[in-house]
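The structure appears right after this line, and notes come after that.
The values are calculated or read from the model by the stated rules, or taken from the named source; none is laboratory data. The structure presented is a predicted model; accordingly, all values stated were derived computationally and were not measured. Don't worry about glycine lacking a Cβ; one is built from the backbone with ideal geometry, like all the others, and counts go over all protein chains shown. The protein model used for the area step is the full one, side chains on, heavy atoms only, and it has no ligands, DNA or RNA in it. Shrake-Rupley method; radii C 1.70, N 1.55, O 1.52, S 1.80 Å.
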Amino acid sequence: SPTSDITTTYMQNSQFIWIVAIIGIIILIFVNMFISSRVADPIKQLERSVRKLEKSNLNATVKIGGTYEIRHLGQTLQSMADNMKKLMDDIVKEQEDKRKSEMSALQSQINPHFLYNTLDSIIWMIENERYEDAIDMVTALARVFRISLSKGKNIITVAQELQHAENYLIIQKVRYKNKFDYEIRMEPEAALCATIKLIVQPLVENSIKHGFGVDSPGIPISTPAIEVIITAEEDELVININDNGSGFEPSE
């Protein structure tokens, strides 16, 4: 055989082998990328979900996919996140119920004591034929309890809280025969702010009973006065309750 024929056949076979090898390598690369993506993509998605959970976003949905092991891991993480969210919601609800029970206990101590004294004063007014004063007392008492109940709400507006305190002061001023004065001032922008119910009235009550001592004969010559000032300073609500009572020494 001529040498040229042998060389030509060799070159053709060599080119064919190189073409087959290159095609095989390309196929292997694509197969490897496909298999890697099938394994790596679910892991990457799972890792992104875990990052969201690390940021306390318990509402994040954990991506579940890939092989059986990866799906099982995703389902376990989702179940753990759901259980943590349920546990946190239960803790919040428990603390809220505890706060409500404590507030209800405080209100149950305040309301009967105040009610008994007011009813005694109303009875005394009726017996002495002071009917107009008795009507004013009953009206103010009704307003006090309307706000005290507040349909079971413990959070009310500042305007409602001040109305509650003012009705209380009206009742006490009539009861103690105008032995003290009071003044209430509130900035308009503070009226719609929210506050816990019954935080002003107990302090006002303390001013009357302990700061002035209206039940005792030794009342100062100057007229006792209570001042309630509500202001909104930047992002804070400020409630000031002042009186000119006897006070107490700094050491006390």
*Residues of region 31-43 classified as polar (S, T, N, Q) and open to solvent by 80 Å² or more (accessible area, probe 1.4 Å), total*: 1
*What residue, of LYS197, LYS151, is at pLDDT below 85 and touching an Asp or Glu at 6+ places or on another chain (Cβ under 7 Å)?*
LYS197
*Please specify each residue of region 76-86 satisfying the condition of being of a type in the set (S, T, N, Q) and either touching an Asp or Glu at 6+ places or on another chain (Cβ under 6 Å) or open to solvent by 90 Å² or more (accessible area, probe 1.4 Å) (or both).*
ASN83
*Could you please find all residues in region 236-245 being assigned to a loop (DSSP other than H, G, I, E, B) and either closer than 12 Å to ALA190 by Cβ or open to solvent by less than 70 Å² (accessible area, probe 1.4 Å) (or both)?*
GLY245
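Residue by residue, here is whether (1) assigned to a helix (DSSP H, G or I); (2) modelled with pLDDT of 80 or more; (3) in contact with a His (Cβ under 8 Å, 6 or more places away or on another chain); (4) open to solvent by less than 100 Å² (accessible area, probe 1.4 Å) holds:
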site	(1), (2), (3), (4)
GLN12	yes, no, no, no
ILE19	yes, yes, no, yes
ILE29	yes, yes, no, yes
GLN45	yes, no, no, yes
LYS52	yes, no, no, no
LYS63	no, no, no, no
*Pairs only if they're at least six apart or on different chains, beta carbon under 7 angstrom, first in region 26-53 and under 13 Å from ILE70 (Cβ atoms) and free of Cβ contacts under 8 Å to residues at least 12 places away in the same chain, second open to solvent by 70 Å² or more (accessible area, probe 1.4 Å) and in a helix (DSSP H, G or I); list them, first residue then second.*
none
*In region 206-215, how many residues are assigned to a helix (DSSP H, G or I) and either open to solvent by less than 30 Å² (accessible area, probe 1.4 Å) or of a type in the set (Phe, Trp, Tyr) (or both)?*
4
*Residue list for region 119-140, filter: touching a helix residue (DSSP H, G or I) at 6+ places or on another chain (Cβ under 6 Å) and of a type outside the set (Ser, Thr, Tyr)*: ILE122, MET125, ILE126, ASP133, ALA134, MET137, ALA140
*Take region 167-202 and flag every residue that is open to solvent by 40 Å² or more (accessible area, probe 1.4 Å) and assigned to a helix (DSSP H, G or I).*
ILE170, LYS173, ARG175, PRO188, GLU189
*asked:* Within region 101-113, does at least one residue satisfy the condition of being within 41 Å of the chain's Cα centre (by Cα) and at pLDDT 75 or above?
replied: yes
_Any hit, region 65-75, residues being among the β-branched types (Val, Ile, Thr), outside any helix (DSSP H, G or I) and open to solvent by less than 70 Å² (accessible area, probe 1.4 Å)_ = yes
